[in-house]
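Take a look at the structure below.
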Amino acid sequence: MGSVLPPDNHVHTEWSWDAPAEASMVRGCEQALAAGVPAVAFTDHLDFTTGTEADRITAEHIDPRPYARMHVLDVPGYLASVQECRRRYPDLRILTGAEIGEAHLWAASAQAVVAGAGFDRILGSLHAIPFGGKLTAADELFRRMPADQVMRLYFAELLRLVEGSDIFQVLAHLDFPRRMWPWSAAPYDERAYEPEIRAVLHALADGGRILEMNTKSPLASAELLQWWREAGGTAVSFGSDAHQPWRVGDRFKLAVDMAEAAGFRAGRDRFDFWRL
Ligand SMILES: [Zn+2]
Ligand SMILES: [Zn+2]
């Protein structure tokens with residue numbers, strides 16, 4: 001028997017506003033079966049473009065500045081698509097979900113959507129940071145300030161996200177801006193942000209929540225997983241963050257090796273998170 005692969009708990013489909021033309025839930029299911037993951041969670045983006053009076057983004061007078069193509073997830077359409085895939089692929093466990101961006105700023109809007117959806121997996125993400133009164137994408141911040149300053153802003157806001165929202169169970173791509181790390185900057189040095197990262201991990205562990213091993217980002221280091229354990233973290237989730245079907249389960253064997261080396265294991269329930 002080969003090694004057991006974990007569920008892919010972070011996959012996008014044509015229901016995400018940033019989905020490329022090739023995104024397809026059906027093909028994502030086929031790739032999940034081919035890759036040998038026991039389950040796939042379709043966590044399409046749940047982002048908002050206009051705040052309600054009850055959202056912090058409105059109260060704090062932050063301009064959301066959404067991308068032109070950004071639109072709120074069509075939950076009924078998405079759920080119907082999941083049902084159809086469950087009919088077509090009975091051998092695959094298909095979980096519902098969403099990846100909520102900046103949930104602490106959009107708490108009321110997010111709660112209104114999530115309340116009736118019955119999602120199996122909710123991921124919390126920080127893709128943009130309030131800066132100069134505007135919600136600003138991480139890649140734009142790199143054009144405005146030194147890279148290490150972007151990371152400090154990022155981790156500070158990430159702590160506010162974790163402390164300020166309990167709507168999500170899994171914290172996605174902890175060091176997201178690394179994906180856009182400028183070639184002109186000195187190489188990313190995780191230890192330079194150790195206090196900030198540990199603070200985020202502590203807040204996450206205190207809420208009994210889960211750290212994601214995101215295989216689209218640079219893989220989590222052994223040291224980061226050690227910090228997670230020292231913070232009281234007891235579980236990890238694996239996510240390819242695939243926006244193209246062929247990336248479902250991508251680099252999972254590497255991520256599994258990292259998690260196992262840090263002491264995390266599959267449980268009796270192969271659809272569950274991996275735990276200590
Ligand atoms: Zn994301
Ligand atoms: Zn994602």
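The values are calculated or read from the model by the stated rules, or taken from the named source; none is laboratory data. The structure presented is a predicted model; accordingly, all values stated were derived computationally and were not measured. Quick reminder, even Gly has a Cβ in these numbers, built from the backbone with ideal geometry, and neighbours come from all protein chains shown. Remember, those area values only see protein heavy atoms, side chains included, never the ligands or the DNA or RNA. Shrake-Rupley method; radii C 1.70, N 1.55, O 1.52, S 1.80 Å.
Return the total of residues in the stretch 53-70 being surrounded by 14 or more Cβ atoms within 10 Å (Cβ to Cβ) and assigned to a loop (DSSP other than H, G, I, E, B). Step through it out loud before you land on a result.
So in the stretch 53-70, the residues surrounded by 14 or more Cβ atoms within 10 Å (Cβ to Cβ) come out as 55-58, 62, 64-66, 70.
Then keep just the ones that are assigned to a loop (DSSP other than H, G, I, E, B); that gives 55, 62, 64-66, 70.
The total comes to 6.
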Conditions (1) more than 16 Å from ligand 2 (Cβ to nearest atom); (2) more than 15 Å from the chain's Cα centre (by Cα); (3) open to solvent by 10 Å² or more (accessible area, probe 1.4 Å) -> Met180 fails only (1)
Would you check which residues across the stretch 211-260 are assigned to a loop (DSSP other than H, G, I, E, B) and of a type in the set (D, E, K, R) and list them?
Lys216, Asp241, Asp250, Arg251
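Report yes if Ser217 is among the hydroxyl-bearing types (Ser, Thr, Tyr), out of contact with any strand residue (DSSP E or B) (no Cβ under 6 Å at 6 or more places or on another chain) and open to solvent by less than 10 Å² (accessible area, probe 1.4 Å), otherwise no.
It is true that Ser217 is among the hydroxyl-bearing types (Ser, Thr, Tyr), out of contact with any strand residue (DSSP E or B) (no Cβ under 6 Å at 6 or more places or on another chain) and open to solvent by less than 10 Å² (accessible area, probe 1.4 Å).
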In a helix (DSSP H, G or I), open to solvent by 10 Å² or more (accessible area, probe 1.4 Å), more than 16 Å from ligand 2 (Cβ to nearest atom) and in contact (Cβ under 8 Å) with a residue 60 or more places away in the chain - does that describe any residue in the stretch 141-163?
no
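Scan the stretch 14-27 residue by residue and report those that are of a type outside the set (A, V, I, L, M, F, W, C) and either open to solvent by 50 Å² or more (accessible area, probe 1.4 Å) or more than 16 Å from ligand 1 (Cβ to nearest atom) (or both). It would help to see each step written out before you state the result.
Residues of the stretch 14-27 of a type outside the set (A, V, I, L, M, F, W, C): 14, 16, 18, 20, 22, 24, 27.
Of everything in the stretch 14-27, those that are of a type outside the set (A, V, I, L, M, F, W, C) and either open to solvent by 50 Å² or more (accessible area, probe 1.4 Å) or more than 16 Å from ligand 1 (Cβ to nearest atom) (or both) turn out to be Glu14, Glu22, Ser24, Arg27.
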Against the definition (open to solvent by less than 40 Å² (accessible area, probe 1.4 Å), part of a loop (DSSP other than H, G, I, E, B) and modelled with pLDDT of 95 or more), how does Gly263 come out, yes or no?
yes
Taking Ala41 as the residue in question, decide whether it is under 20 Å from Trp274 (Cα atoms) and part of a helix (DSSP H, G or I).
no
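Does Ala128 satisfy the criteria of being open to solvent by 10 Å² or more (accessible area, probe 1.4 Å) and touching a residue at least 12 places away in the same chain (Cβ under 8 Å)?
Working: open to solvent by 10 Å² or more (accessible area, probe 1.4 Å): yes; touching a residue at least 12 places away in the same chain (Cβ under 8 Å): yes.
So Ala128 passes the test.
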Can you confirm whether the stretch 19-40 contains a residue that is of a type in the set (Asp, Glu) and within 14 Å of the chain's Cα centre (by Cα)?
no
